[in-house]
1. Tell me, Kirkwood radius of the stretch 85-168 from alpha-carbon pair distances, in Å?
2. Could you give the Stokes-Einstein D for the stretch 123-193 in µm² per second, using the C-alpha Kirkwood radius, 10 °C, 1.306 mPa s?
3. Give me the extension gain from residue 106 to residue 253: residue separation times 0.36 nm, minus the current Cα-Cα distance, reported in nm with one decimal.
4. Could you tell me what percent of the DSSP beta bridges with both partners in the stretch 2-263 are antiparallel, to the nearest 5?
5. Please work out the ratio of the alpha-carbon Rg of the stretch 156-212 to 2.2 N^0.38 Å and round it to two decimals.
6. May I have the convex hull volume per residue, in Å³, for the Cα set of the stretch 1-139?
7. Where q = 0.10, 0.14 Å⁻¹, what log10 of I(q)/I(0) comes from the Debye formula for the stretch 145-272, counting one point per Cα?
8. With just the Cα atoms defining each centre, how far is the stretch 16-57 from the stretch 67-86? Give it in Å.
């Protein structure tokens, strides 16, 4: 069996400070025996404005400060790391991607997923609406990404993707056994939907779910839900966080999962 850790943070607008906290938590997870460590969405910056996030966007590859830190941590600790999301540059200087990068234990980038579903919503706050328009500063992705790793076949996704079950069905068709869902759910939507959506994706696909989240109060005025979760293929919540910084862990037993998928062949029974 292998161990996967989900890192919970309450990131702010200062990249260096966020990276120091991420490094501390990654080392803590490695000390606990984690083989793969997954950071939350926007771990390196929870900017005051979306434009500030675009300003720190990096070119993909060596020379990007955020990427170099993760690459060095993966290599020095001998662990795999998934970046949550990092803003990467696009052809439009006013927009970046929300990219989840996977590094192996030698610090080599082995996968990239760009967030497909962008959060363009209005939350009715009884006269104090929260307005989100992610597409104004983010270029959406289009590729479904499943990575063959020593820990199993891993499907990459981010936050708002969670609400679109066909994405996860498509990942399973590509062999996915584990879903990563780094997130920054709002406090309001998280209270209502976070846990049931995560458990649904696990149950309907007989898949492990690793969901590290932002959890706390942020300088930009946003409050995120936290409650990071790791869930097994039967929908059981194995561990969860609350608010602030945290490290939660799950053991991955692919043989037990394979047996469950064989004995309860819901994936083969799909008709549509």
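1. Value: 14.5 Å, from the Cα pair sum.
2. 113 µm²/s
3. 50.5 nm
4. If I count the DSSP bridges inside the stretch 2-263, around 70 percent turn out antiparallel.
5. Computed over Cα atoms of the stretch 156-212, the ratio equals 1.04.
6. 126 Å³
7. Those come out to -0.31, -0.59, one per q.
8. Cα centroid of the stretch 16-57 versus Cα centroid of the stretch 67-86: 10 Å apart.
Read the figures in this text as sums done on the coordinates, not as results from a lab. None of the values given here were measured: they were computed from a predicted structure. Here Cβ is always computed from backbone atoms with ideal geometry, including for glycine, and neighbour counts include all displayed protein chains.
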